[in-house]
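Below is one structure; the comments refer to it alone.
The values are calculated or read from the model by the stated rules, or taken from the named source; none is laboratory data. What you see is a predicted model; the values in this text were computed from it and never measured. So basically every Cβ, Gly included, is an ideal-geometry build from the backbone, and we count neighbours across all protein chains shown. Calculation scope for accessible area: heavy atoms of the full protein, side chains included, ligands and nucleic acids excluded. Shrake-Rupley method; radii C 1.70, N 1.55, O 1.52, S 1.80 Å.
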Amino acid sequence: MLQNKQTKQMIFCFMAPAVAFFLLIYLYPVARTVAMSFFHAEGMSDAVKTWEWCGLENYLTLFKTSIFLDSMKNMLKIWIYGGVITMVIAMLFAAILTSGVKFRGFYRAVIYIPNIINAVAMATMWISAIFNKRFGFLHNLFEFFGSDLAKMDYLSGTAKFWSLLVAFCFGSVGYYMLIYMSGIERISGDIYEAATIDGASKAQQFFRITLPLLRGVIKNCIVFWTIGTVGFFVWSQMWSAPLASDLPTITPFVYMYTITFGTQGNTERNASLGATVGVLMTLIVLLVFFVLNRFVKDDDVEF
């Protein structure tokens, strides 16, 4: 009995610093941000005693602000269109690279390389080397074929959003490809061998074996994609004018940053409104997570 008591005390002594650190560094900022969304506060570091209670006013204000609504629409388009493009291409590459193709390691490394390059560097490459209307790759390509698309400006108007989406998807495919590959590789080869003996084609095996057994992996990828889309910031900033945010590419996190810290020429700050945006984005991620857990079951086949 005495030994058990000493063991518990020792465990408590070892865990206490980690728990205290967790409460201080993580839970306190979260609780403060949630609380701030129900008050008026100009700066993030303002003392709590200076806050003014406003209830749900910040939430109502956001849904009446056209810029925020535009940012939500952009985020939704990135989540839907970008998600479909990225997941389909990643799944296709994963299926090909796990089918016994030669030089698999080389192809896997090449496809994954964009994920290890800094997002700022990657965005700069696309903006200056691919989409530039004077000397970019697309401009030179279409000019070579005599197409009018050579005169198109991919960094303005509605084309600006789609150029951003293409670049972002290009940099994301490799990450999800590796996740899908790990899921496919843990499926027993005996299942595919039995299906082949029964006369199932490769396409039938993919849709009737691979996809059903990857439900849990696909669910996790959708959650990861949702987190990445909700936190979409660097790419949007790189595609926007200096120290500003264009409506075709603005996202909620960019709006949150702008309203919280202000910009050059606009020093007005509203930290409580920024906190409200953060709370809403968190709720969106949690909503997607719980909906997926409710309607998409994990793999129920042991292999």
Q: Test each condition in (1) within 24 Å of V234 (Cβ to Cβ); (2) aromatic (F, W, Y); (3) surrounded by 15 or more Cβ atoms within 10 Å (Cβ to Cβ) for W51 and report the one that comes out false.
A: (1)
**Q.** Residue satisfying condition, being in contact with a helix residue (DSSP H, G or I) (Cβ under 6 Å, 6 or more places away or on another chain) and among the small types (G, A, S), within set A121, A94
**A.** A94
Q: Select the helices (runs of 4 or more DSSP H) contained entirely in the stretch 6-96, then report the ones holding at least 1 residues which are modelled with pLDDT of 90 or more and under 30 Å from V110 (Cβ atoms).
A: 66-77
Q | Hits in the stretch 61-86 (condition: open to solvent by 30 Å² or more (accessible area, probe 1.4 Å) and within 16 Å of the chain's Cα centre (by Cα)) | A | M72, K73, L76, K77, W79, I80, Y81, V84, I85
Q) Can you pull out the residues in the stretch 187-206 that are surrounded by 12 or more Cβ atoms within 10 Å (Cβ to Cβ) and not hydroxyl-bearing (S, T, Y)? A) I187, I191, A194, A195, A200, K202, Q204, Q205, F206
Q) From the set of residues in the stretch 75-104 that are free of Cβ contacts under 8 Å to residues at least 40 places away in the same chain and among the β-branched types (V, I, T), which is farthest from I218 (Cα to Cα)? A) V101
